[in-house]
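Here is the structure we will look at, set down as structure tokens.
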Amino acid sequence: MEKFTILQGLAAPLDRPNVDTDAIIPKQFLKSIKRSGFGPNLFDEWRYMDHGEPGMDPATRVPNPNFVLNQPRYRGAKILLARENFGCGSSREHAPWALMDFGFRAVIAPSYADIFFNNSFKNGLLPVILPAGVVDRLFLEVEATPGYQITVDLVAQKVAAPGGQTFDFTVDAFRRHCLLEGLDEIGLTLKHADVIREYEDRRKATQPWLYV
Amino acid sequence: MQPQTLYDKLWSSHVVREEADGTALIYIDRHLVHEVTSPQAFEGLKLAGRKPWRIDSVVATADHNTPTKDWDQGIRDPISRLQVETLDANIREFGAKAYFPFLDGRQGIVHVIGPEQGATLPGMTVVCGDSHTSTHGAFAALAFGIGTSEVEHVLATQCLNMKKAKSMAVQVDGVLGKGVTAKDIVLAVIGRIGTAGGTGYAIEFGGAAIRGLSMEGRMTLCNMAIEAGARAGMVAVDDKTIEYLRGRTFSPKGDLWDRAVAHWRTLRTDEGAQYDKVVQLRAEDIMPQVTWGTSPEMVDSVLASTPDPQKIDDPVRRQSVERALQYMGLQANMPITSIRIDKVFIGSCTNSRIEDLRAAADVVKGRRVAASVKLAMVVPGSGLVKRQAESEGLDRVFREAGFEWREPGCSMCLAMNDDRLEAGERCASTSNRNFEGRQGAGGRTHLVSPAMAAAAAIAGRFVDVRQL
Ligand code: SF4
């Protein structure tokens, strides 16, 4: 996994609560057996006027001019500003894959659905939680200020707005460590292979029916 | 010892080790695998040159992409077919405790076949790359959905890194009215606490009304815990749990059965144990529910009307209600019973078990699907459910009424196969999600119980099944 330390980038506002994984990446695109290539279909049903199917050339599609990510001022955005309960719905990791493939490296929202939150960390997409009041304010500022750049500093656990104000956030120590170092979690867990085997041996003795 | 909740017991018995910040390595007993969320995990395993840790924990099936008719013609969509064939190839290469591929008589929705095969047992941790894994919590298992990276992590290590959730008790006391089902309970709970109400919690459902539910009903309930934001839902073990499991393919046998049962009986919350949050409902207050919006929390009794955004003060909420009504093609203050439907879908891991089909057939028997309904379909949850239903003659009841009787799979729950809504079509559906486009781009989904879906098919609009 790529390391995540400090990210500075353009922010784009997605002003809807409860954005679900079906909206982030509609199911017809889940048929892929790859991890990449989902970016052109991120928010497909909102982003295009026509119906998207796998294999279509994005250049031939009809973009919805009213959808926020289609506005030129947000081109190249790396940080998605979102509302509460972002990523609710399914467990599909295609949602963080699509956000990252599009170019996002961080999301800022007051709250997330649990599985999406988890999946994001595993892929190096940082889901930052800030209080609803702060997020409100960022929404107002982003919309009022073209070229609005936010800094997300995972080392110091601070978000900095262009005006110089900073907002603290926290990330679990273990997750933060994995992101900062870009660690392979499976490799990390396998260092404890002996402990896992001991655990299994104990259970085979006490609950043998789980191993038949 | 301090009294423990069921969740405490399930959690602590699976902790392999713990980090200083409380992140625990949790051991996984059962890994359910399907075609959509596994290909990238198997690929990752191969690329890293790793072997599965314990392949006999894996039970796999193809369900999301499989067609529900013309099985003799195979899977026509080449992209769907590739995904299903990729699963076939991965299982061939790595193995599994059991695999129920496309066309197998026991194939079906992963959350239906796990319990019916006895592959889900009390006290287990059960994971699957699918959010509705919470279903298996009905057996006092700690069951939750995971993403593809975690699927790979479990394949490689048999463990997951996670933090303990908070605990919530959803207590439903009293006796359910006639025509009111587990689906109505869980929709009413979601209506009460919201789709994020359970975020960060593991929910234990309890109370007389829950104990009164069959295992099928409890599965429906736990299935939708995720729709309340909780990764896991669960119900304590009782006689019904044990009777359900007796004699199933992978249930323990002989002496091991007795030992297992003795252990399972301890899988309940101790007297005096504390939950972080308690939500109480009275069964008598719960009416048949119908969702009117684009989130499962946008739900009300069939006797209610759609909300009026003018009367909502909070601007964010008002806007989301307006947007939902607009997407759904509904006006403010419309009686739910005035909403006409185009299609009916009885199926999904929420409501496609034998009891669901019996409840729907009871309503349908001797009646006809309304002429205005374009398609009414029943999709059994598994091959075994289908054959059971056929042996009871339920398929005939449905067919005679004008329903289509299909092959098992996820079908129009998420419309990855050919079963879908066209833009603007309105569906009475027994599934679990009414998000925009869930059942097809532009489609409009109303979530209901099987009996309510059947009643809507007959009337061509929503009706109170109790008055039919
Ligand atoms: S039936 Fe629907 S919710 Fe259940 S596993 Fe299939 S797609 Fe997911």
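Worth pointing out:
- Evaluation of B:Gly198 against (1) in contact with a Lys or Arg (Cβ under 8 Å, 6 or more places away or on another chain); (2) without any contact (Cβ under 8 Å) to a residue 60 or more places away in the chain (one fails), failing number: (1)
- If the condition is being farther than 30 Å from A:Ala144 by Cβ and surrounded by fewer than 20 Cβ atoms within 10 Å (Cβ to Cβ), then the range A:36-57 contributes A:Ser36, A:Gly37, A:Asp50, A:His51, A:Gly52, A:Glu53, A:Pro54, A:Gly55, A:Met56, A:Asp57.
- At least 2 residues being more than 14 Å from chain A (Cβ to nearest Cβ) and within 16 Å of the ligand (Cβ to nearest atom) is the threshold, and among the helices (runs of 4 or more DSSP H) wholly inside the range B:363-468 those reaching it are B:383-391, B:450-459.
- Residue in the range B:321-330 that is within 16 Å of the ligand (Cβ to nearest atom) and either of a type outside the set (A, V, I, L, M, F, W, C) or within 13 Å of chain A (Cβ to nearest Cβ) (or both) present: no
- Each residue in the range B:120-158 was checked for being away from the ligand (no atom under 16 Å from the Cβ) and farther than 26 Å from B:Arg268 by Cβ, and 9 of them qualify.
- Residue pairs whose Cβ atoms lie under 9 Å apart, sitting 6 or more positions apart in sequence or on different chains, and linking a residue in the range B:33-45 that is more than 16 Å from B:Phe102 (Cα to Cα) to a partner that is within 16 Å of the ligand (Cβ to nearest atom) and aromatic (Phe, Trp, Tyr), do not occur here.
- Filter result for B:Pro115 (at negative phi and away from chain A (no Cβ under 12 Å)): yes
- Here A:Thr60, A:Thr5 are screened, and the one residue that is under 24 Å from A:Cys178 (Cα atoms), over 11 Å from the mean Cα position of the chain (by Cα) and either facing another protein chain (nearest Cβ under 10 Å) or not basic (Lys, Arg) (or both) is A:Thr5.
- For the range B:128-149, the set of residues classified as touching a Leu at 6+ places or on another chain (Cβ under 8 Å) and at the interface with chain A (Cβ under 7 Å from one of its Cβ atoms) consists of B:Asp130, B:Ile146, listed by residue number.
- Neighbours by Cβ (under 8 Å, 6+ apart or cross-chain): first from the range B:57-82, more than 13 Å from chain A (Cβ to nearest Cβ) and under 20 Å from A:Gln28 (Cβ atoms); second away from the ligand (no atom under 14 Å from the Cβ) and in a strand (DSSP E or B): B:Lys69/B:Glu404
- The range B:101-130 - residue that is closer than 14 Å to B:Met219 by Cα and touching a Gly at 6+ places or on another chain (Cβ under 6 Å) and, of those, surrounded by the fewest Cβ atoms within 10 Å (Cβ to Cβ): B:Val112
- Listing of strands (runs of 3 or more DSSP E) fully contained in the range A:98-212 that carry 3 or more residues being more than 10 Å from every other protein chain (Cβ to nearest Cβ) and touching a Pro at 6+ places or on another chain (Cβ under 8 Å): A:106-109
- Residue within the range A:185-201 that is surrounded by 17 or more Cβ atoms within 10 Å (Cβ to Cβ) and in contact with a Gly (Cβ under 9 Å, 6 or more places away or on another chain) present: yes
- B:Ser38 being closer than 22 Å to B:Thr125 by Cβ, crowded, with 22+ Cβ neighbours inside 10 Å and not aromatic (Phe, Trp, Tyr): yes
- The single residue among A:Asn66, A:Asn41 that is free of Cβ contacts under 8 Å to residues at least 24 places away in the same chain and away from chain B (no Cβ under 11 Å) turns out to be A:Asn66.
Every number in this text was worked out from the coordinates using simple rules, so none of it is lab data. Keep in mind that what you see is a predicted model, and the values were worked out from it rather than measured. Every residue, glycine among them, receives a Cβ derived from its backbone with ideal geometry; neighbour counts consider all protein chains shown.
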